[in-house]
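No lab work stands behind these numbers, since they all come straight from the coordinates. Values in this document were obtained by computation on a predicted structure and should not be read as measured data. Every residue, glycine as well, gets a Cβ built from its backbone with ideal geometry; the counts of neighbours run over all protein chains shown.
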Amino acid sequence: MNNKTSHYSAGAIAKWLWRAWRGNRKQAVLNASIGLAEVVVSLSQVWAVKHAIDVASHVVEGDLYWAVGLMAMLILCNFALSISAVWVRNILGIWAQNRMQQRMLDRILRSEWHGKESRHSGDVLNRLENDVSGVVNFLTETIPGTLSTLAMFIGAFCYLASMDWRLAVVILVLIPIFILFSKIYIGKMRMLTRDVRNSDSKVQSVLQETIQHRMLIKTLESDDAMVDRLENTQYELRQKVVRRTKFSVFSNLMLNTGFAFGYLLAFLWAAIRMSGGTLTFGGMTAFLQLVNRIQGPARSLTKLAPAFVSVFTAAERLMELEEDPLEEQGDPIEIAGPCGIRLENVSYTYRDAEEKVIDNLSFDFRPCTCTAILGETGAGKTTLVRLLLALFHPQSGRVAIYGKHEKGMELSPLLRTNFVYVPQGNTLMSGTLRDNLRLGKLDATDEEMREVLHKSCADFVFDLPDGLDTVCSEHGGGLSEGQAQRIAIARALLRDRNIMIFDEATSALDPDTERELLQNILATHDKTIIFITHRPAVVDYCDQVLRIEKL
């Protein structure tokens with residue numbers, strides 16, 4: 001399975017697939033068990049048909065009706081196994097896929113963030129959808145199916161050889177190779193499938209938006225909330241898959257029951273005629289059934305090679321998503337307010353860049369002060385914010401957070417819980433305004449939301465027909481930029497942390513609204529506030545100014 005462009009050896013990929021399989025053992029074992037049971041029932045049906053014909057032709061003694069009854073019982077067993085296989089494949093299959101998607105998304109959200117993503121979000125989304133599906137199907141269906149396929153092939157061949165070894169050898173040599181696909185689409189199934197695909201698109205939207213707004217989610221520490229949101233959307237998809245599966249099982253059951261009844265009736269009639277001497281002996285019936293049971297598995301086994309190539313490719317693509325190291329993991333560390341941040345000779349250079357973005361910078365954001373960070377585009381203001389939020393780590397120097405009576409701790413992701421951050425631009429996500437606000441505080445009450453909306457000059461929300469339940473599309477579609485900014489500020493205030501960072505957060509507001517909002521934010525003087533801004537009105541409200549010069 002190795003190739004020149006592969007980043008991983010076949011052994012490494014196989015180990016990764018083994019670990020992935022361990023999380024899906026239940027479904028794999030069930031599929032294998034059902035497959036092996038189907039082999040036993042299928043070969044038993046061959047014997048039952050042969051026995052019934054032998055009874056009908058007086059080759060062996062026995063009760064003809066009991067023989068046919070045995071055939072009917074085996075057919076019912078086959079129906080039950082087929083229905084079980086459909087349910088395991090569809091219902092447990094979607095659970096397995098959802099679990100792997102959640103694990104991969106959680107891994108991506110908790111990994112270190114480098115500012116510039118090496119992969120397009122569409123590519124990441126494609127991997128989370130198609131590659132996850134391919135891996136799960138291979139582990140839970142292809143591998144167990146191969147086991148039952150081999151069992152069927154060997155069992156049928158040995159059975160046929162015990163009856164006529166020459167015919168068995170001929171059949172083995174002259175196995176025909178053909179593929180026949182047939183699918184009957186009816187109106188109801190098309191509608192149900194369309195519903196499933198629409199729900200699947202919603203899952204895809206959550207995944208894509210989460211990847212796009214990864215920085216926001218990390219700074220809000222809403223990793224778990226977004227994974228839970230994914231689970232809720234996936235639940236809707238699972239419900240629709242259940243409805244489609246019920247319809248599919250019912251339709252197939254009705255169709256198969258009709259065929260089985262007709263087959264049993266025709267067989268019983270032919271057997272009675274044979275018993276009366278009007279039909280010739282049908283011993284080759286068993287041969288024909290065994291031939292079919294050899295050819296089917298042989299066709300399936302020819303598909304194994306491309307299946308292995310496909311799953312190794314999918315696994316490698318998913319392994320690449322796990323290459324970024326994890327951030328420091330553990331319980332958040334809250335520092336009693338008021339808090340300050342101190343930069344001591346901090347320098348930072350981006351990967352693959354020659355020049356430093358920040359060089360030997362020292363500054364003290366004292367507790368309960370308001371600071372304006374000024375500087376031309378490209379001077380390093382955004383980089384400084386990422387250092388303050390522990391998204392980046394300085395190559396030299398130290399960034400420390402300290403309380404009123406504490407010496408200070410070097411910033412790490414575990415200390416991010418002490419920050420509130422309002423990024424530049426529109427950072428609202430699709431959903432209701434309530435959903436957006438609760439990213440700041442999951443258990444926020446309506447009264448708390450009303451309070452922060454008023455403080456953010458966003459009382460317009462309560463004049464909307466649906467109020468907090470107003471739905472906005474991606475990036476706050478349906479709201480103006482100024483409205484979206486005020487909602488984002490309200491979300492940050494709802495988080496209520498000791499250090500607040502606003503990155504051009506009032507750029508879309510008119511002067512009067514901006515002035516009122518700043519007065520509301522700064523009224524209590526109990527927070528350490530940092531503004532990255534070009535607006536003179538903002539600078540007027542600040543206690544100190546940090547000017548960043550482009551190197």
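Values for this structure:
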{"item": "In order through the range 202-219: 3J(HN,Hα) via Karplus (6.51 cos²θ - 1.76 cosθ + 1.60), integer Hz, x for Gly, Pro", "result": "5, 4, 4, 5, 4, 4, 5, 5, 5, 5, 5, 9, 4, 4, 4, 5, 5, 6"}
{"item": "PHE392 long-range amide H proximity, modeled H, under 5 Å", "result": "LEU387"}
{"item": "Protection-proxy order for peptides 78-89, 384-395, 479-490, each taking the mean of Cβ atoms within 10 Å per residue, highest first", "result": "479-490, 384-395, 78-89"}
{"item": "Per-peptide average of other Cβ atoms within 10 Å, ordering 335-343, 17-25 highest first", "result": "335-343, 17-25"}
{"item": "Interchain or long-range residues, amide H under 5 Å from GLY337's placed H", "result": "none"}
{"item": "Distance-filtered residues of the range 395-421 - backbone nitrogen under 18 Å, label point 7 angstrom along THR349 Cα→Cβ", "result": "395-398"}
{"item": "Rounded to whole Hz, the Karplus (6.51, -1.76, 1.60) HN-Hα couplings of the range 15-23, x for glycine and proline", "result": "5, 4, 5, 5, 5, 5, 5, 4, x"}
{"item": "10 Å beta-carbon shell around CYS368, net charge (K/R +1, D/E -1)", "result": "+1"}
{"item": "Debye, to nearest 20: dipole size of the range 327-431, +1 on Lys, Arg Cβ, -1 on Asp, Glu Cβ", "result": "300 debye"}
{"item": "Approximate spin-label separation SER205-ASN232, in nm, with each point projected 7 Å along Cα-to-Cβ", "result": "1.4 nm"}
{"item": "Amide H contacts of ILE358 (H built 1.01 Å from N, under 5 Å, at least 5 apart or other chain)", "result": "TYR348"}
{"item": "Rounded FRET efficiency, nearest 0.05, which uses the C-beta distance separating VAL242 from ASP459 and R0 of 51 Å", "result": "0.75"}
{"item": "Phi to ³J(HN,Hα) by Karplus 6.51 cos²θ - 1.76 cosθ + 1.60 over the range 46-62, Hz, x for Gly, Pro", "result": "4, 5, 5, 5, 4, 5, 5, 5, 5, 5, 5, 9, 6, 6, 10, 8, x"}
